[in-house]
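Below you'll find the structure, written out as structure tokens, and then a few comments.
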Amino acid sequence: MKKTFKTILASFIAIACLSLAGCEEDNPTPAQNNNGNNGNNNNNPIELAGTAWVGKYNDTYQGYPAKLTWSLDFTDETSGEFFFELNVAGQDQGNYTIPFTYTFDGHEGQLDAGQMGVSTFTYDASKNTITMTLIVEVEGDGATLGGVTTFYLRGQEPDEPDNPGTDTVDDGVVPGEITDQFPADTRWSASQNTVYHTNELGDLPMTLNYILTFNNNHIALMDVTATVMGTTSDPQTVRFNWTFDDATNIGNLITKGVPLPFTYDPTNNTIETEFNFDVSGGGAQGGSVTFNRIQDKALVVKL
């Protein structure tokens, strides 16, 4: 059954339309990095050399809460260092220093930590964050900790990691129990071609791009951008709770108590759902959307 799903898309599509009408686009400027370089959304990418970042992740180990803290320092244009700390049940479990080399094109990069592996990472200029998948493997018992981790400039990181979803007041979504059940710690992408209705220019071709991230605490984040006539909006994020039944491969994305069903196809490794956006009162747009799994490389640290 189709559902009309109203989100904050209306605001950013309206901004895109204004820029097409001749107004200068008002792109947010990310926070200043330690070396004085600023990011500029889709235009002047930052340089990472000399910057320092912190990422945190909540997990469990043998039933006890486990907190992973990663300090990420880009020493120069090609190399840097991780400093990893693990706390289980309130007890520090030691720390590790991990040197790496990296490449970065201003938006995406790869981080090579030698025997510990290679991890892809992405930079989001609108949020001034870095995202990558980081896994800790406990030798001897096969347990793994960690997952999709968000990094903030050092001194600007939130008190709690992103994966618990602490900012839940406005969207009515609260974090749930930490789990390793599929699709926890997976990311998916989709693209949808549609039109944007304007009075001045008529119907304009519009592409909607989606990134869907399932965190390990039953919170899912949907980042959506719209591209009209070569102008791409800043990502807008919608937060959901997620549930999934692995017996039927059917789940729900839930916000403010309203479920949006999705189906997982294990043969094709895809997720399908249906979005219908009511854009600025101009009628429903969207339709069936198929997400493909993003096969992120993960840096694996063996304890």
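The values are calculated or read from the model by the stated rules, or taken from the named source; none is laboratory data. On a predicted model such as this, the values are computed, not experimentally measured, just so you know. In this analysis, Cβ positions are derived from the backbone assuming ideal geometry, glycine residues included, and neighbour counts consider all displayed protein chains. When the accessible area is computed, the model is the full protein with side chains, heavy atoms only, and any ligands, DNA or RNA have been set aside. Shrake-Rupley method; radii C 1.70, N 1.55, O 1.52, S 1.80 Å.
Computed over protein heavy atoms with a 1.4 Å probe, the accessible surface of segment 179-256 works out to 42 Å² per residue. In nm, give the distance between the simple-model label positions of residue 179 and residue 207, each being 7 Å from the Cα along the Cα-to-Cβ direction. With each label placed 7 Å out from Cα toward Cβ, I get 3.4 nm.
For segment 216-266, what % of the accessible area comes from carbon and sulfur atoms, probe 1.4 Å?
For segment 216-266, the apolar C and S fraction of the accessible surface comes to 55 percent.
Summary of packing: across the peptides 243-254, 87-98, 130-141, the per-residue average of other C-beta atoms within 10 Å ranks them, highest first, as 130-141, 243-254, 87-98. Under conditions of 37 °C and 0.692 mPa s, segment 213-268 yields 254 µm² s⁻¹ as its translational diffusion coefficient, taking Rh as the Kirkwood radius over Cα pairs in the Stokes-Einstein equation. Of the accessible area of segment 45-184, computed with a 1.4 Å probe over protein heavy atoms only, carbon and sulfur atoms account for 45 percent. Under the simplified labelling scheme, the residue 103-residue 118 pair shows an inter-label distance of 0.7 nm, with each label point 7 Å from Cα along Cα→Cβ. In a fully extended conformation the segment linking residue 159 and residue 268 would gain 35.4 nm over its present Cα-Cα distance, using 0.36 nm per residue.
Shape of segment 48-98 from the C-alpha gyration tensor: prolate (a/c of 1.5 or more and a/b above b/c, with a ≥ b ≥ c the square roots of its eigenvalues). For the pair residue 249 and residue 237, label points projected 7 Å from Cα toward Cβ lie 3.0 nm apart. A 1.4 Å probe, protein heavy atoms only, puts the accessible area of residue 53 near 0 Å².
When the C-alpha to C-alpha distance is required to be over 25 Å, the pairs from 67/297; 256/297; 67/256 that qualify are 256/297; 67/256.
Subtracting the Cα-Cα distance of residue 137 and residue 110 from their residue separation scaled by 0.36 nm leaves 7.7 nm.
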